[in-house]
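Structure record follows, encoded as structure tokens.
Readers should treat all values here as calculations from the given coordinates under stated rules, not as data from a laboratory. Note that the structure is a prediction, hence the values are computed from the model and not measured. Cβ placement follows ideal geometry from the backbone for every residue including glycine, while neighbour counts extend to all protein chains displayed.
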RNA sequence: GCCCCCGUAGCUCAGUGGAUAGAGCGCCGGCCUCCGGAGCCGGAAGCGUGGGUUCGAGUCCCGCCGGGGGUACCA
């Protein structure tokens with residue numbers, strides 16, 4: 001990327017200045033190349049002189065001039081300017097910019113790729129909601145974010161696997177089974193109340209009805225006997241199928257669906273626990289088994305096996321991460337959790353570290369929860385109370401792409417409010433259509449060109465000199481930089497904003513530059529290349545977000 | 001109480017410690033003899049609050065105010 005080349009140039013300028021005796025031999029901070037907000041400040045800039053001033057004992061502006069004087073030449077850079085109070089600004093040459101159109105066209109979707117991950121094996125696990133009820137609208141946020149992050153990391157050179165972990169073994173399954181059994185019994189006229197801690201949602205009645213169709217009354221047990229496990233398993237399977245379908249309708253597909261039961265069956269649970277036990281971190285007390293995190297600096301210990309004999313969520317998660325790192329050998333693991341799980345972050349990190357896994361191989365992204373609202377009314381998300389807005393409902397009423405765009409455009413740190421009424425009303429105003437419209441518009445232009453320009457091949461991009469043309473090229477060139485930034489920060493929410501900016505500069509170009517012009521076939525052919533490149537970059541951006549890039553709307 | 005996240009335009013949200021803080025929606029005013037007006041151009045309007053660090057703070061640190069989450073042998 002050109003930005004990296006500029007960083008190397010700055011480094012070389014420093015070396016040359018030192019050798020020439022124009023700069024004392026001082027330690028160099030990281031060279032940061034930034035993008036100025038204003039075009040007059042150039043395409044790229046560095047504030048290195050400001051940072052070096054004190055150590056070098058010189059005025060920033062003079063340091064800047066020294067660096068500029070020693071700056072090696074480059075075909076891509078038209079001029080280097082020093083601006084007060086101490087910036088060095090780099091202006092890209094128009095000719096070089098125009099050439100990039102050919103490079104972008106040639107690269108296609110690979111234009112967004114950057115060699116950052118070097119083939120490292122990374123897992124992204126997200127959503128992983130319990131299969132005890134349908135996904136709610138808030139789960140869509142993690143689906144959008146996780147799947148996009150996975151594609152971004154892929155583009156950044158990582159070998160990525162996505163995973164959905166579903167809980168088919170814990171205590172919630174027991175609650176679920178008792179609830180569905182209550183509903184099932186009710187269908188046969190028995191007085192069986194839904195347990196106090198059970199799932200109140202009406203979908204449980206539907207599941208019971210499905211069970212009745214499938215099993216008849218064969219699962220009825222004598223009064224007072226516990227719920228049959230088979231009924232629970234049946235329900236879990238049905239709900240898992242709903243979840244798969246909802247995610248598929250959002251365009252989210254996983255490489256692996258991982259069952260919690262696997263943690264036990266594969267002995268990962270036992271092996272993980274054994275490591276911690278060997279280190280003296282497992283203690284028994286008050287009838288339960290504890291992970292002694294206080295020995296690792298925490299302010300309280302964590303229960304791993306309840307006095308009932310059932311492992312806790314944390315315990316299975318320890319085994320699960322043993323499996324991720326020590327069995328499946330991912331170089332990096334990224335878990336996306338809602339902030340309601342934040343209390344588990346430290347204990348799990350401590351466990352991973354205690355298993356001798358380098359702590360920075362595990363990244364747990366905590367996303368703030370989605371608050372749902374319908375007009376004035378706030379809706380509490382709770383599967384157990386049954387008062388919820390399902391993801392399916394939102395996808396159907398707002399549309400897949402608009403839904404993805406909404407969830408994706410907010411930082412994970414922002415608690416967002418999803419007003420279902422507003423979302424429905426504004427779905428036509430969703431920015432995603434603005435971006436898709438730009439893509440469709442280009443498709444239209446290309447069709448017109450086919451009719452009117454018999455020979456539309458081989459445009460000469462050096463004819464592209466209009467400010468609107470160059471602005472479009474400049475914006476396209478940001479995509480690889482953005483992919484790299486997102487892969488580093490794990491913040492995919494920048495992508496929709498970028499796509500919109502790209503669409504904006506395209507629309508501006510469209511207003512100012514006529515592409516298909518019978519009187520000027522050479523310029524038309526050059527501009528056709530430009531819009532074809534823009535179409536490709538728009539499609540790539542939309543593709544990274546899991547959205548469609550339609551030729552017609 | 002303690003821990004984590006957040007307070008930026010009327011609303012929903014962006015903003016790698018840099019040079020004059022942005023977008024969408026909403027509001028006001030303009031633009032179709034011409035490739036798709038789901039578009040373009042212009043306008044009004046903002047960093048919760050008080051200190052500190054820095055050449056430079058919306059961004060980092062501390063206090064206060066406000067919102068969300070956690071602090072379970074639930075996940």
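Per the Debye formula with a single identical scatterer at each Cα and no solvent contribution, what log10 I(q)/I(0) holds for region A:128-227 at q = 0.16, 0.17, 0.18 Å⁻¹?
The calculated log intensity ratios at q = 0.16, 0.17, 0.18 Å⁻¹ are -0.76, -0.81, -0.87.
Given 0.36 nm per residue, what is the gain on full extension from residue A:393 to residue A:353 after removing their alpha carbon distance, in nm?
10.3 nm
Any idea how far apart residue A:225 and residue A:248 come out in nm if each label point goes 7 Å out from Cα toward Cβ?
Distance between the two pseudo-spin positions: 3.7 nm.
Sorted from largest down, give the three principal axis spans of the alpha carbons of region A:65-220, whole angstrom values.
Principal extents (largest minus smallest coordinate, Cα): 90, 39, 26 Å.
With the Cα gyration tensor of region A:2-92 in hand, convert its eigenvalues to equivalent ellipsoid semi-axes via √(5λ) and list them largest first in whole Å.
20, 14, 11
Over the Cα atoms of region A:208-307, compute the convex hull volume and normalise it per residue, giving Å³.
Cα convex hull per residue, to the nearest whole number: 200 Å³.
Once both labels are modelled 7 Å past Cα along the beta-carbon direction, what's the residue A:240-residue A:75 spacing in nm?
With each label placed 7 Å out from Cα toward Cβ, I get 5.7 nm.
How many Å³ per residue does the convex hull of the Cα positions in region A:218-375 occupy?
For region A:218-375, the hull spanned by Cα atoms encloses 205 Å³ per residue.
Of all DSSP beta bridges located in chain A, what percent are antiparallel, nearest 5?
Counting only bridges with both partners in chain A, antiparallel ones make up about 50 percent.
Stretch residue A:18-residue A:256 to full length: gain in nm at 0.36 nm per residue minus the Cα-Cα span?
80.2 nm
Given the -39500 (n - 2.57) contribution per DSSP H run of 4+ residues, what per-residue ellipticity at 222 nm results for chain A, rounded to the nearest 500 deg cm²/dmol?
Mean residue ellipticity at 222 nm (helix-derived): -15500 deg cm²/dmol.
Using alpha carbon coordinates only, what is the Rg to Rh ratio of region A:171-248, with Rh defined as the Kirkwood radius?
Ratio of gyration radius to Kirkwood radius: 0.96.
Could you check the spin-label model distance between residue A:424 and residue A:327? Points 7 Å from the Cα along Cα→Cβ, value in nm.
Distance between the two pseudo-spin positions: 4.5 nm.
Among A:253, A:439, A:70, A:341, which comes first, second and so on when ranked by fewest other beta-carbon atoms within 10 Å?
Listing A:253, A:439, A:70, A:341 from fewest to most nearby Cβ atoms yields A:253, A:341, A:70, A:439.
Between residue A:361 and residue A:285, how high is the FRET efficiency from 1/(1 + (r/R0)^6) when r is the Cβ-Cβ distance and R₀ = 41 Å? Nearest 0.05.
Rounded to the nearest 0.05, the efficiency is 0.85.
Using the per-residue mean of other Cβ atoms lying within 10 Å as a proxy for protection, in what order, highest first, do the peptides A:121-129, A:545-553 fall?
A:121-129, A:545-553
Once you have the Cα-Cα distance between residue A:31 and residue A:303, take 0.36 nm times their residue separation minus that, and quote the gain in nm to one decimal.
Extra length from residue A:31 to residue A:303 when fully extended: 93.2 nm.
Please work out the Cα convex hull volume for region A:280-351 and give it in Å³ per residue.
So the per-residue hull volume is 109 Å³.
Determine, from the Cβ-Cβ distance of residue A:342 and residue A:197 and an R0 of 30 Å, the FRET efficiency 1/(1 + (r/R0)^6), rounded to the nearest 0.05.
Efficiency at R0 = 30 Å is approximately 0.85.
So if we plug the beta-carbon distance of residue A:264 and residue A:186 into 1/(1 + (r/R0)^6) with R0 = 35 Å, what FRET efficiency do we get, rounded to 0.05?
Result of the calculation: an efficiency of 0.60.
How large are Rg and Dmax for chain A when calculated on the C-alpha trace, in angstrom?
28.9, 95
Label 7 Å along Cα→Cβ of residue A:277; region A:346-362 residues with amide nitrogen under 17 Å?
Residues A:355 fall inside that zone.
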